[in-house]
């Protein structure tokens with residue numbers, strides 16, 4: 001398996017899974033993708049149906065990673081995906097399934113279900129990939145006697161998932177940027193209450209996109225990146241994306257009895273990483289009918305999938321919403337899909353994303369390329385605060401199920417794209433406790449709190465407030481690495 005950049009630099013060079021594991025952006029600022037997507041055979045689909053999650057993860061990752069010995073890779077997936085790790089919320093039986101499928105009911109002739117992805121240590125779907133990344137990083141660093149300084153940006157869930165995956169890991173320090181005072185109290189406490197000496201929280205005075213731009217700026221300073229061994233766990237990291245491919249297969253198997261059936265997935269989307277994994281699963285041959293992109297008021301992606309216009313928002317145009325993990329105006333993983341949409345033409349991708357930086361976006365409707373979106377099965381929709389509240393109330397009253405705000409965005413939009421006879425699987429995003437204020441507003445009651453998180457918000461917090469300035473962040477890293 002060889003990997004290439006969406007922007008074309010280093011064409012003809014060999015890049016293995018391990019080569020790109022610890023980094024993020026390619027040297028030309030592009031994102032890594034396989035030179036060709038591996039295809040899954042009908043026999044493999046049949047055989048994989050009965051596999052436990054850890055072994056399914058091994059089979060899928062093996063198709064993308066041929067430079068880690070099979071026994072080592074299998075040991076890593078089995079170490080990661082255990083009931084003990086994914087038992088913060090569900091009962092023992094559900095925890096053993098890792099990602100249980102919860103059927104809600106039949107609406108407009110379509111079975112409607114939630115794929116429960118929030119069983120992990122931080123109660124969010126990001127744990128599904130991040131726990132594996134932590135083990136992969138530690139394995140790779142130990143093998144080569146190296147250390148790594150992870151630099152990331154988060155709008156809420158990525159940061160805590162990364163920190164809980166990396167805390168105490170040998171040879172790893174984490175520098176996590178988050179928008180100051182723009183996450184929920186629970187999300188903030190999850191991150192800032194960690195006292196591990198290898199974890200550093202930086203509250204950036206700005207919005208998430210400011211933090212994300214700093215990560216990209218530091219990553220593009222190749223001399224600094226090399227000297228201080230900077231890596232990333234944001235969704236631009238290929239290993240995170242491919243780890244998320246696994247639960248699309250698991251959800252498909254849970255919702256169907258035969259490989260002749262098709263399903264649709266609805267994915268609450270901000271940075272496009274989660275739904276990009278669904279796109280990859282579909283390219284591998286998983287029988288997906290539709291991939292439904294659900295946004296909140298920050299509807300950059302919905303606008304594109306409706307019109308063909310990709311228009312990033314300025315900070316002043318980015319809304320602070322009750323589904324804050326999706327308060328993103330520049331979807332960093334979107335470039336991977338655009339690369340495939342344009343027939344893998346790196347020169348055109350490079351120009352388009354130069355247009356993003358220089359002109360604020362691009363228009364694919366005029367060129368005719370947008371028509372191909374239908375070939376990839378994408379549709380979209382958006383939600384609002386009021387529709388989130390309505391959906392949370394309706395699902396609780398109708399199905400006795402409490403959902404978080406982002407999952408509510410997904411369910412609201414999923415209902416707009418139901419097709420009779422085709423199961424619609426909504427990817428659950430997080431546990432309701434992470435967004436207690438909105439749950440109280442919708443249901444006039446407290447969300448359930450797992451015992452392990454009792455009193456979380458009252459714990460001492462450790463973080464540094466910095467302006468949205470890449471140099472200030474570099475200075476902080478230098479001062480805290482001992483390099």
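Of the residues making up region 434-453, those that are outside any helix (DSSP H, G or I) and surrounded by 15 or more Cβ atoms within 10 Å (Cβ to Cβ) number 2. Regarding residue 289, is this residue within 20 Å of the chain's Cα centre (by Cα) and surrounded by fewer than 24 Cβ atoms within 10 Å (Cβ to Cβ)? So residue 289 does not fit the description; no. Of everything in region 141-162 that is assigned to a helix (DSSP H, G or I) and in contact with a helix residue (DSSP H, G or I) (Cβ under 6 Å, 6 or more places away or on another chain), the residue that is modelled with the lowest pLDDT is 157. Where helices (runs of 4 or more DSSP H) fall entirely within region 186-270, those with at least 1 residues that are modelled with pLDDT under 95, out of contact with any helix residue (DSSP H, G or I) (no Cβ under 6 Å at 6 or more places or on another chain) and within 26 Å of residue 148 (Cβ to Cβ) are at 208-220, 222-227.
This table checks each residue for (1) free of Cβ contacts under 8 Å to residues at least 60 places away in the same chain; (2) surrounded by 13 or more Cβ atoms within 10 Å (Cβ to Cβ).
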| position | (1), (2) |
| --- | --- |
| 390 | yes, yes |
| 412 | no, yes |
| 419 | no, yes |
| 429 | no, yes |
| 432 | yes, yes |
| 455 | yes, no |
| 469 | no, yes |
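As a summary of the residue check, residue 74 satisfies the conditions (1) surrounded by fewer than 18 Cβ atoms within 10 Å (Cβ to Cβ); (2) more than 27 Å from residue 340 (Cβ to Cβ) except for the one numbered (1).
Looking at the structure I just gave you, is residue 425 over 26 Å from residue 320 (Cα atoms) and not in a helix (DSSP H, G or I)? Criteria met by residue 425.
The values are calculated or read from the model by the stated rules, or taken from the named source; none is laboratory data. None of these values were measured; they are calculated from a predicted model. Positions of Cβ are backbone-derived with ideal geometry, glycine not excepted, and every protein chain shown enters the neighbour counts.
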